[in-house]
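In what follows, a single structure is set out as structure tokens and then discussed.
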Amino acid sequence: MSAYILRRLLATFPVMAVVAIFVFVLLRLAPGDPAALIAGDDATAADIANIRTRLGLDLPIWHQFVIWIGGILQGDLGVSIFSNLPVTRLIAQRLEPTLMLALATLIVAVSLAVPLGVLAAWKAKSLVDRIVMGFSVMGFAVPVFLAGYVLIYIFAIQLRWLPVQGYKPLADGFWASIQSLVLPAIALGTAYMALIARITRASMLEVLSQDYIRTANSKGLATERVLLLHALKNAAVPIVTIIGIGIALLISGVVITETVFNIPGLGRLTVDAVLKRDYPIVQGLILVFAMTKVFINLMVDISYAFLDPRIRY
Amino acid sequence: MSAASIALEPAAGRASSGLWSEIRRNPTIFLGCAILLVLAACAILAPWIAADPLKHAPVNRLKAPSAEFWFGTDQFGRDIYSRIVYGARVSLIVGLSVAAISSVLGLTIGLLCGFYRWFDGIVMRIMDGIMAIPSILLAIALITLVHPSLTVVIIAIIIPEVPRIVRLVRSVVLSIREQPYIDGAVAGGTKAPRLLVRHVLPNAVAPLIVQATYVCASAIITEAGLSFLGAGVPPEIPSWGNIIAQGRVFFQLTPWVILIPGVFLALTVLAVNMLGDGLRDRLDPRLARRM
């Protein structure tokens with residue numbers, strides 16, 4: 001078990017190394033002078049020279065890389081070009097809304113999609129099944145921003161049940177915060193729910209056709225006991241995988257959802273930094289997001305070992 | 001289609017039937033194709049069926065949908081119907097070119113990875129690294145490095161899509177190369193390039209076509225998302241994402257400027273996905289059973 005976890009842990013290092021090199025090379029790959037690119041169209045020669053010195057762009061490339069990697073390993077992601085604040089502090093300031101949004105989406109999506117998928121598989125080919133599957137095909141095609149604006153239009157503008165946009169931090173009260181997250185979480189979760197429901201149904205269908213399920217049923221166990229304890233547990237590996245893979249989908253979606261709902265999180269920080277060409281922030285965020293994704297994949301792989309002891313090879 | 005049929009001949013006896021009867025028999029493929037054909041016709045015929053999508057007419061600004069302006073107008077008085085018809089061009093071009101180019105790239109790299117161990121070691125590490133970066137972030141970062149244009153957007157969407165295809169093709173190759181008939185071919189003196197093209201490639205075509213439709217759908221959504229964020233095709237090009245982005249300011253006043261192109265976008269993606277699901281059920285029965 002621990003050998004498996006260790007091996008899996010070691011495998012994340014080359015991936016992060018490639019990401020780090022990629023992020024470093026990204027700016028240097030651009031045609032022309034990166035300093036001029038960052039400075040923008042109406043910069044003076046002095047501005048450009050200033051940026052070049054600050055980013056160390058006048059040093060040889062290997063030297064730049066060593067400095068950059070050294071900084072990252074010490075938790076230093078550089079300094080924003082515009083605000084002059086450390087990137088790590090800027091990221092920390094915007095962390096709460098994004099974490100809350102991701103958590104709310106995860107809770108909404110998993111708690112709705114898994115039961116729906118189980119229900120659809122249990123009542124396979126029934127009307128319920130058709131509705132769930134219909135939703136999962138449609139839901140997967142709806143872009144986050146369409147879902148977001150439709151929800152805003154119905155629940156915020158027409159019915160006035162929830163706020164149109166914006167985020168209330170936890171410090172302003174738990175309920176106010178939750179209220180500001182309901183619509184964004186549903187919008188962001190739509191495609192995610194569709195995906196989870198679909199895989200849950202497929203995985204359950206496969207398990208439900210097994211002999212031991214028939215045995216469990218015929219010896220008179222309660223239906224919910226068979227469904228949840230015997231079937232769902234054995235169907236869990238693909239479901240957990242898709243919940244993990246789906247988080248990657250969520251990260252891309254977060255950027256768009258935060259723009260639709262005007263939530264001042266990491267997604268907005270990314271878009272604002274990109275539009276202002278504040279590259280140290282963009283580089284730092286790509287690293288942080290990639291690290292999150294690699295970490296989640298690691299967690300998913302480790303969870304396999306718990307869910308299915310056969311995987312502990 | 002014919003190449004895909006060859007690949008399946010041992011498994012499916014009905015592979016000889018024509019493309020058309022296949023499409024008619026499968027309602028999912030039929031509906032998906034029908035929607036896409038109508039959209040493609042609109043995109044091609046745009047100059048004849050739509051007005052100038054760029055014409056500003058301040059007199060007509062923020063008009064609700066009516067007989068004159070089917071889908072209303074935006075804050076500059078531009079006709080949303082015409083903009084959507086022209087926008088279909090952008091979405092279809094992006095979807096098709098990303099699907100085609102990333103398939104070819106992914107197929108080539110995947111075949112080589114499956115056959116040459118040293119190549120595999122290096123390339124797969126790079127692919128894992130690219131896949132660790134959320135696709136829309138990677139695309140935004142790439143686009144802002146150069147002056148944005150449709151071509152740049154297409155390239156920026158291709159790069160995060162390629163690893164998904166490489167992984168798929170590589171896994172097919174790895175399973176095929178263990179088959180006895182490959183050993184037989186090798187023993188018979190067949191050289192690697194011929195082995196790849198004659199024996200491995202046909203087996204990779206069916207899953208590749210299915211994957212390509214999903215890449216197409218995802219590319220269309222990504223392009224709209226990028227344009228929505230202001231980091232996609234230049235704002236003067238009427239793409240669905242740009243129409244939606246420019247409608248944000250007046251959303252409470254004129255929700256149709258966002259909702260109507262949004263519905264077209266969802267419908268297009270739905271059609272491509274339906275085509276993909278239908279093809280998957282038809283071409284790859286093993287995968288279909290798992291889904």
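The values are calculated or read from the model by the stated rules, or taken from the named source; none is laboratory data. Keep in mind that what you see is a predicted model, and the values were worked out from it rather than measured. Using ideal geometry, Cβ is built from the backbone for each residue, glycine included, and neighbour counts are taken over all protein chains shown. Keep in mind that these areas ignore ligands, DNA and RNA; they rest on the heavy atoms of the full protein, side chains included. Shrake-Rupley method; radii C 1.70, N 1.55, O 1.52, S 1.80 Å.
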Could you tell me which residue of the stretch A:23-34 is nearest to the other protein chains (Cβ to nearest Cβ), considering only residues that are at pLDDT 75 or above and open to solvent by less than 20 Å² (accessible area, probe 1.4 Å)? A:L26
Can you work out which of the residues in the stretch A:228-249 that are open to solvent by less than 20 Å² (accessible area, probe 1.4 Å) and within 13 Å of A:L208 (Cα to Cα) is nearest to the chain's Cα centre (by Cα)? A:A236
Any residue at all in the stretch B:74-85 that is under 30 Å from B:L259 (Cβ atoms) and within 14 Å of chain A (Cβ to nearest Cβ)? yes
Find the helices (runs of 4 or more DSSP H) located wholly in the stretch A:200-299 whose residues include 1 or more that are within 29 Å of A:I21 (Cα to Cα) and within 12 Å of another protein chain (Cβ to nearest Cβ), and list them. A:236-260, A:266-275
Flag if A:V164 is open to solvent by 20 Å² or more (accessible area, probe 1.4 Å), touching a residue at least 12 places away in the same chain (Cβ under 8 Å), at the interface with chain B (Cβ under 10 Å from one of its Cβ atoms) and part of a loop (DSSP other than H, G, I, E, B): yes
Scan the stretch A:121-131 and give yes if some residue there is closer than 25 Å to A:T259 by Cα, touching a residue at least 24 places away in the same chain (Cβ under 8 Å) and open to solvent by 40 Å² or more (accessible area, probe 1.4 Å), otherwise no. no
Quick check on B:I260: is it more than 9 Å from chain A (Cβ to nearest Cβ) and either in contact with a Cys (Cβ under 6 Å, 6 or more places away or on another chain) or open to solvent by less than 10 Å² (accessible area, probe 1.4 Å) (or both)? no
All but one of (1) exposed (fewer than 14 other Cβ atoms within 10 Å of the Cβ); (2) assigned to a helix (DSSP H, G or I) hold for A:A20, so report the exception by its number. (1)
If we scan the stretch B:148-159, do we find a residue that is assigned to a helix (DSSP H, G or I), over 24 Å from B:A43 (Cα atoms) and at pLDDT 90 or above? yes
Have a look at A:V150, A:V137 and point out the one that is surrounded by fewer than 18 Cβ atoms within 10 Å (Cβ to Cβ) and out of contact with any Cys (no Cβ under 7 Å at 6 or more places or on another chain). A:V137
When the residues of the stretch B:186-239 are filtered to those that are in contact with a Lys or Arg (Cβ under 8 Å, 6 or more places away or on another chain) and touching a residue at least 12 places away in the same chain (Cβ under 8 Å), which remaining residue is surrounded by the most Cβ atoms within 10 Å (Cβ to Cβ)? B:V215
Check on A:I69, surrounded by fewer than 16 Cβ atoms within 10 Å (Cβ to Cβ), at pLDDT 80 or above, within 24 Å of B:L138 (Cβ to Cβ) and in contact with a helix residue (DSSP H, G or I) (Cβ under 7 Å, 6 or more places away or on another chain): yes
Of all the residues that make up the stretch B:240-257, how many are assigned to a helix (DSSP H, G or I) and either open to solvent by 40 Å² or more (accessible area, probe 1.4 Å) or more than 8 Å from chain A (Cβ to nearest Cβ) (or both)? 9
Being at pLDDT below 80, open to solvent by 50 Å² or more (accessible area, probe 1.4 Å), under 30 Å from B:F250 (Cα atoms) and part of a helix (DSSP H, G or I) is the filter here; which residues of the stretch B:11-63 pass it? B:I49, B:P58, B:V59
Sort through A:I81, A:I48, A:I38 and tell me the only one that's among the aliphatic types (A, V, I, L, M), in a helix (DSSP H, G or I), in contact (Cβ under 8 Å) with a residue 24 or more places away in the chain and in contact with a helix residue (DSSP H, G or I) (Cβ under 8 Å, 6 or more places away or on another chain). A:I38
Tell me, yes or no, whether the stretch B:65-77 has at least one residue that is of a type in the set (D, E) and open to solvent by less than 10 Å² (accessible area, probe 1.4 Å). yes
